[in-house]
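Below: the structure, in structure tokens.
What follows draws every value from the coordinates through simple rules; no lab data is involved. The shown structure was predicted, so the numbers you read here are calculated from the model rather than taken from an experiment. Neighbour counts run over all protein chains shown; Cβ positions are idealised from the backbone, glycine included.
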Amino acid sequence: MKIKITLFVLFVFCQISFAQQDSIASKEKLSEVVVTGQLEPQSIKKSVFNVRVISKENIKQLAANNLADVLNQYLNITVTSNGDDGRSKVSMFGLDSQYFKILVDNIPLVSDTGMGTNVDLTQVNLDDVERIEIIEGSMGVTHGANAVTGILNIITKKGGGYKWQISATVQEETVGKEFAFFDKGRHIQSAKIGHNFNENWFVNIGGNRNAMSGFYDNRQGKDYDKNDGLRGYTQLPKEQLVGNAVLGYQKDAFRIFYKFDYYGEDVHYYNPLVNIQDNYPFPDTYFSRDKRYITNRYYHHLNTSGNLFSKLKYNVSVSQQKQERDLENFVYHIDTKQEVDNKRDTYQSKKVFYSTGTLSNFFDNKNVDFQLGYEITNENGFYDSSVGAFRDDNQQGVDIRKRLENYDIYSVAEIGVNDKFSIRPGLRFSFQSAFDNQYASSLGLRYLFDKGLEARVSLGKSYRTPNFDELYTYFVDSNHNMQGNADLIPETSTSYEVSFKRACNFDSGAQITNNLAVTYLDVDDRIDLVTIQVNPLHYKYVNINRYKMWNISTVEQYIYKNWNVMLGAAVVGISRRLDLAAENLVSDDKFFYSFRLNSSISYNITKWNTLLAVFYKYNGQQQQYVAGTGSDGKAGFFLNELQPYSWMDASIRKTFFKNQFEVTVGARNLLDVTNLQSVQNGGGGDASGGAHGGGTSTDMMLGYGRSYFLKLTYNLNFN
């Protein structure tokens, strides 16, 4: 009932704001220019897609260093953290990061299991980011496999308005209540230099170091020598090093740039088990067997765009990416604080060649445009036997080397029937090396009503290809039996979205923007790890389940003088059908609903050059059925509940000396959230999920509590 009342109030507010504008002269507002999914850069108003933009100003207000810091406040996105390895992943509409694609300048970012999916958000640095564009819903036509729930495109900075642009930043941040300048807290340093050689040539160079010293919580760190399970960290320490460079040339319609990124990360695992070594006649010494996870990623991107034969427009990108993960095992002597017997091996690597390009503007008609595009992906993946999840029938570890290729062609048309009505159909065909050939299709409609009301409708069919683990995992011993499935087929999905947007401009200078969207998503042949045998338990990845989701969301933004207020709300309903093959049971596929809310408020004190900002997000209770075994030993389905939680950030930013010096102070996670409680009701094997045996409760790590930061930035711009 509370959810319905809240949505009703928001709806009434929209209508009141619309009605007020009827008696006030409207003003034309210059819209932001977007590039994601477009035939060419154009204003948001002209886009057939409903594009959301996270501006550079939003990123500054959050003092965000990586993508996880930003997306924590996005309405339909949930960021999940893993304390064991320090990684953060994205979930949208209840589907995990395999269904959501992350790109940098329209190039999918390489990850452990794919291209653009399963990306660790903490590994995406934001130092050279100009803005972030997000499109929710199926984008399979323009962005290929796995763009099922949406895409996120990071637009990086290229060139600038000054001959020289120099910037240096130092940021100190607590980890919960923990802070010291060397061995506790989070310590960030970055520097950037941009230079325009002349009106055509430019170069940008930057570097960043982000050292997170781990979250102790109730643990005692790496030098603790008692064998009581308290050695180590609740969240692992890690150090990240980032370097990037862009060299570009532009003249008239011709543009070309080369971009290089390097990312390096060390994650340190300190074993809670302490070993005692006899050192007679001297006192015993203590040591532990620890390890270090090392990641190195290299990103090359060459892009060129311009005109052919004075009319046709082309845009071509070629990218090569390489990511390696190494595991270094060593013995750490706690008394002397020395490492010995270091052994380092590469246990996972991926090399990717990727290219995409478009050709458009075939007709001398401003109302009709047509685009032809291609995409080539060549992935070479390697898994070493040391990871333990890949074995042969004799229980021996095996190395896995596989190549996955796809060659895609697609076409998109944009037809302006008149000044108000636009149609955008699209079709993609993908030639796959490992699966049957796939296709994606879409249809978008946009209509501009009177008084500034914009309406959009989109329909998209897309697909998700199985990842490396789902295809090739083989982990079978006396205690485990978990198998991949090389016969898996891609999942297919259909997405629908209807949205309405209106900006009301008043003579007073105030502006109210309303955005209402309704989305429905249906996924078939969903891949899940299912129980194929109960006694003993055997698991296998199978195309067996279905997933349905609908979402209604509204975002209201009010801007007046120095105030900027935003309020968003969403209701998400999710239906999952699970099959328990070994027991011939099918779960209830009813919808479970959750409510989400986000808001922000900022105030600019002009005479002090100071901006105050507060961000808040509420994630309501989430429910779903999960397969398992009850207290009576029978397999069945159990109702799992994730308890609600709220997240709040705040910052104060002030500039000095004609904006050359910038100070930002603030706090993350003001409500001090650490763990998210997951409650599983007991079951007796019935498909309805009825409770017979009581419930169990577990805690999932969500954050490390309230933290505070101080960020100092110096900018020097001159010609």
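Take the Cα of K56, step 7 Å toward its Cβ, do the same at H333, and the gap between the two points is 5.2 nm. The alpha-carbon atoms of the stretch 166-293 define a convex hull whose volume equals 145 cubic angstrom per residue. Decide, for the stretch 564-672, between rounded, prolate and oblate: order the square roots of the alpha carbon gyration tensor eigenvalues as a ≥ b ≥ c, take rounded if a/c falls under 1.5, and otherwise choose prolate if a/b is larger than b/c, else oblate. Prolate is the answer for the stretch 564-672, as a/c is 1.5 or above and a/b outweighs b/c. If you wrap the stretch 419-559's Cα atoms in a convex hull and average its projection over all directions, what's the area in nm²? Reported value for the Cα convex hull: 12.6 nm². Taking Cβ atoms as reference points and 9 Å as the exclusive limit, the residues near A145 contribute a net charge of +1, counting Lys and Arg as +1 and Asp and Glu as -1. For the chain, the 222 nm mean residue ellipticity estimated from helices alone, with every DSSP H stretch of n ≥ 4 adding -39500 (n - 2.57) and the total spread over all residues, rounds to -1500 deg cm²/dmol. Applying both filters, DSSP loop and at most 10 other Cβ atoms within 10 Å, to the trypsin sites (Lys or Arg not before Pro) of the stretch 307-384 gives K311, K337, K366. Using only the Cα atoms of the chain, build the gyration tensor, take square roots of its eigenvalues as a ≥ b ≥ c, and label the shape rounded, prolate or oblate: rounded if a/c is under 1.5, else prolate if a/b is larger than b/c, else oblate. Since a/c stays below 1.5, the shape of the chain is classed as rounded. Electrostatic bookkeeping for G705 treats Lys and Arg as +1 and Asp and Glu as -1; over the other residues with beta carbon under 15 Å from its beta carbon, the sum is 0. The residues neighbouring R428, those whose beta-carbon lies less than 11 Å from its own, together hold a net charge of -1 under the Lys/Arg +1, Asp/Glu -1 convention.
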